[in-house]
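Peer 1: Before we start, here is the structure in question, set down as structure tokens.
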Amino acid sequence: MDMTLIGNGEPLCDELAMHVTGDGKFSSLRHPLVSITPYHESMNAIFNRMLEHKRESIQQSIKAEDWENFVFLHERPYRLNAIVELRNNMNVEFKALASIVLSAYSDSENISENSELWRELLTTAAQYTKEMNDSDISGMSEISALWGKTVTLYHGGEVPIEGARWCWTLDLEKARWFADRFEREGALYACEVAGEYIDFILHHRGESEVLVMKDSAIKNMREI
């Protein structure tokens, strides 16, 4: 970081300025490529350079057809929109996006805000499981080992949304960690599912997260 840019009086560029929210005492900058909380005008020059750099990187990613980098150059709340842009406006084949959808999903914090769109993308991504080479995404051998078995899944925190397809794990201790994070005691849930209905097991961040896209496959959901 060039420290001479801090407090140099440079105004925030128009593109970023329209994404500043707040009352002046506590403000946020929430642009798809530059998201900062709290925002302070003394850092305007830094934020402007960040945007310039990301714009250049976006163009390089498009030229190289590096769609994963394209998506992850966007700030976390806007990565879903970036995937949709690639699919709908830039005509990128979904086969090239399937593993990116799963990586972006695993790193997202606002799944419930766009649950139906996530469901659509994840259901489509499930068609390409056999072709994924990402070591953080379960291969068919790991999933097929569960076929014919009743699998117990766990969830820590809020009641699982949308009938329960989100945020389950095979790891009871990981679910317990989620229940107790933020220094408060949360709820712990369990359910059973036939192994044949498990679409993905995601190992990003060591969570062993399980996705079950068929709501009715979730059985006996309960607090434990």
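Peer 1: Out of all the residues in the stretch 142-154, which are closer than 19 Å to His204 by Cβ and either of a type in the set (Phe, Trp, Tyr) or modelled with pLDDT under 80 (or both)?
Peer 2: Glu142, Tyr154
Peer 1: If you scan the stretch 51-100, which residues turn out to be exposed (fewer than 15 other Cβ atoms within 10 Å of the Cβ), among the charged types (D, E, K, R) and in contact (Cβ under 8 Å) with a residue 40 or more places away in the chain?
Peer 2: Arg76 - this is the single residue of the stretch 51-100 that is exposed (fewer than 15 other Cβ atoms within 10 Å of the Cβ), among the charged types (D, E, K, R) and in contact (Cβ under 8 Å) with a residue 40 or more places away in the chain.
Peer 1: Among residues belonging to the stretch 158-188 that are buried (at least 17 other Cβ atoms within 10 Å of the Cβ) and assigned to a strand (DSSP E or B), point out the one that is modelled with the highest pLDDT.
Peer 2: Applying the filter and picking the extreme gives Thr169.
Peer 1: Of the residues that make up the stretch 47-57, is at least one under 22 Å from Glu113 (Cβ atoms) and either small (Gly, Ala, Ser) or assigned to a helix (DSSP H, G or I) (or both)?
Peer 2: no
Peer 1: Let me ask something else. What are the residues in the stretch 101-116 that are more than 17 Å from Ser208 (Cα to Cα) and either in contact (Cβ under 8 Å) with a residue 60 or more places away in the chain or assigned to a helix (DSSP H, G or I) (or both), if any?
Peer 2: Correct list: Ile111, Ser112, Glu113, Asn114, Ser115, Glu116.
Peer 1: Could you check, for the stretch 31-50, whether at least one of its residues is touching a Cys at 6+ places or on another chain (Cβ under 6 Å) and at pLDDT 95 or above? Can you show your working first?
Peer 2: In the first step, residues of the stretch 31-50 are kept if they are touching a Cys at 6+ places or on another chain (Cβ under 6 Å); the result is 48.
With the extra rule that they be at pLDDT 95 or above, the set shrinks to 48.
Within the stretch 31-50 (the criterion being touching a Cys at 6+ places or on another chain (Cβ under 6 Å) and at pLDDT 95 or above), the answer is yes, since at least one residue qualifies.
Peer 1: Given the conditions (1) touching a residue at least 12 places away in the same chain (Cβ under 8 Å); (2) closer than 18 Å to Glu75 by Cβ, and given that Thr21 satisfies all but one, which numbered condition is not satisfied?
Peer 2: Single failed check for Thr21: (1).
Peer 1: So if I check each of Thr129, Thr124, which one is out of contact with any strand residue (DSSP E or B) (no Cβ under 6 Å at 6 or more places or on another chain), at pLDDT below 80 and over 18 Å from Ile218 (Cβ atoms)?
Peer 2: Just one listed residue meets the conditions, Thr129.
Peer 1: Criterion first (under 23 Å from the mean Cα position of the chain (by Cα), of a type in the set (Asp, Glu) and at pLDDT 95 or above) does Glu65 satisfy it?
Peer 2: Considered against the rule, which asks whether it is under 23 Å from the mean Cα position of the chain (by Cα), of a type in the set (Asp, Glu) and at pLDDT 95 or above, Glu65 comes out as yes.
Peer 1: From the list Val92, Val84, exactly one residue is out of contact with any strand residue (DSSP E or B) (no Cβ under 7 Å at 6 or more places or on another chain) and part of a helix (DSSP H, G or I). Which is it?
Peer 2: Exactly one residue qualifies, and that residue is Val84.
Peer 1: May I pose another question? Among the residues of the stretch 26-56, write down those that are in contact with a Phe, Trp or Tyr (Cβ under 6 Å, 6 or more places away or on another chain) and not small (Gly, Ala, Ser).
Peer 2: The answer is Leu29, Pro32, Val34, Pro38.
Peer 1: Here's something else I'd like to know. I need every pair where a residue in the stretch 189-216 that is surrounded by 15 or more Cβ atoms within 10 Å (Cβ to Cβ) has its Cβ under 6 Å from the Cβ of a residue that is of a type in the set (Asp, Glu) and outside any helix (DSSP H, G or I), sequence separation at least 6 or different chains.
Peer 2: Final answer for the pair search is Tyr189/Glu223; Leu202/Glu209; His203/Asp136; His204/Asp136; Ser208/Asp171; Leu211/Asp199; Met213/Asp199.
The values are calculated or read from the model by the stated rules, or taken from the named source; none is laboratory data. Not measured: the values here are computed from a predicted model. Ideal geometry is used to build each Cβ from the backbone, glycine not excepted, and the neighbour counts take in all protein chains shown.
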